[in-house]
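Below: one structure, written as structure tokens.
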Amino acid sequence: MNNPSPILCTAFAGPRLIAFGCLQEVALKAQESESRDPSAPVLIFDDLTSNVIEVDLRGTPASLVERLAAIEIYATPPTEPAAAEECARKPGRPKLGVVAREVTLLPRHWDWLASQPGGASVALRKLVEEARKANQGRDRRRRAQEATYRFISAMAGNEPGFEEATRALFAGNQPRFAELVEAWPIDLRNHAKKLASAAFSALDQALLAD
């Protein structure tokens, strides 16, 4: 059985940061904030992706904690259907976690793969692993840029310099980005810088690797 991974997140009431940490603690703080000032909209962001986590803050703290348990379970990566089927099969040759899925290639690709040591499956796995390693820095940069963009789009779309800051983010221009967000409310600015720092750090690592 998979254990739910803790969801780390950050909550804002308007432009003000009100809590960060695990989902349950943050949601309870968000509920408290909303009850004190219903006019300040509360948004809870996943720290990894900056996706908004939809939480029903109504009711008592106890009822909120009960609802959050379902969210935590839902956040657990689901078992792949093919992998679950493998687990249900009778004992036989170990499958080593391999999942069978359709791959469409041209005939010349299949001919080349079939000529490789170990056959097509082994060759494909090697190619995928090599590509993953070669693109780790670029993938980290892209994910960090996307997370930063989601946050600033949701929270700072009307702030001065938003469009220019977005261009600086995707251009990898950290000094320009920092300059443009300086006029934003302090909590928005600091969180945007924190998220963007991962993108700029990943860019530096990718350049060093090249």
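Here are the numbers:
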read-out: Residue that is farthest from F45 (Cα to Cα) [pool: residues in the stretch 157-206 that are within 21 Å of the chain's Cα centre (by Cα) and outside any helix (DSSP H, G or I)]; value: G172
read-out: In the stretch 10-42, the residues that are among the hydroxyl-bearing types (S, T, Y) and over 17 Å from D187 (Cβ atoms); value: S35, S39
read-out: Residues within the stretch 15-41 that are over 16 Å from L64 (Cβ atoms) and modelled with pLDDT of 95 or more, tallied; value: 4
read-out: Some residue of the stretch 49-59 being at pLDDT below 70, of a type outside the set (S, T, Y), at positive phi and part of a loop (DSSP other than H, G, I, E, B); value: no
read-out: Complete set of residues in the stretch 111-142 that are among the polar types (S, T, N, Q), at pLDDT 75 or above and assigned to a helix (DSSP H, G or I); value: S121
read-out: One residue from I44, I152 being hydrophobic (A, V, I, L, M, F, W, C), at pLDDT 75 or above and in the same structural domain as L28 (by TED's automatic domain parsing); value: I44
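The values are calculated or read from the model by the stated rules, or taken from the named source; none is laboratory data. This structure is a prediction, so every number in the text was calculated from the model and none was measured. Cβ coordinates were reconstructed from backbone atoms using ideal geometry, including for glycine residues, and neighbour counts include every protein chain displayed.
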